[in-house]
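Single-structure report; data block below.
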């Protein structure tokens, strides 16, 4: 929504929720790329995953919202890799192993 540039995540300002500079930068990246800093208020509800995954999800959501607002920003965001979803997920446990890749310890005798 148009506004003064405040970013609220789960009812808390993003500076309080994300203490690491790298995560803050990732969240702001779509706005910086499209020169939209200070033009829109961002209100986000995010849950699940870790802090880093949430930062990536927020960035992806902001990028998609910017494309909905202005279709001309799509090429810029696509070149920056901001519209591509991170498809990595947890690898499944394989039979005979303790976890996805960890094997039981080998004993010779």
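No value in this document is a laboratory result; all are computed from the given coordinates. Predicted model only: the values in this text are computed from it and were never measured. Cβ coordinates were reconstructed from backbone atoms using ideal geometry, including for glycine residues, and neighbour counts include every protein chain displayed.
Distance between Cα centroids, region 46-69 to region 70-109: provide it in whole Å. Spelled out, the Cα-based centre of one part sits 17 Å from the other.
Please list, by residue number, everything in region 26-59 whose backbone N is under 19 Å from a paramagnetic label point 7 Å out along Cα→Cβ of residue 79. What the label zone holds, given the 19 Å backbone N cut-off, is 29-37. To the nearest ten degrees, helix 21-33 and the longest principal axis of the Cα atoms of the chain are 50 degrees apart. In this label model, residue 72 and residue 10 are separated by 3.7 nm, measuring between points 7 Å along each Cα→Cβ vector.
For the chain, the average shadow cast by the Cα convex hull is 10.0 nm², which is a quarter of the hull's surface.
Using Cα pairs closer than 8 Å and at least 6 residues apart in sequence, work out the relative contact order for region 7-79, in percent. Working shown, then result.
Numbers: 59 pairs, mean separation 26.5, N = 73.
For region 7-79, the relative contact order is 36 percent.
Taking 0.36 nm per residue of separation and subtracting the Cα-Cα distance, full extension of the segment from residue 87 to residue 41 would add 13.8 nm. Packing-based ranking of 76-88, 47-59 yields 47-59, 76-88, ordered from highest to lowest mean Cβ neighbour count within 10 Å. The calculated 222 nm mean residue ellipticity attributable to helices in the chain amounts to -11500 deg cm²/dmol, summing -39500 (n - 2.57) over DSSP H runs of n ≥ 4 and dividing by all residues.
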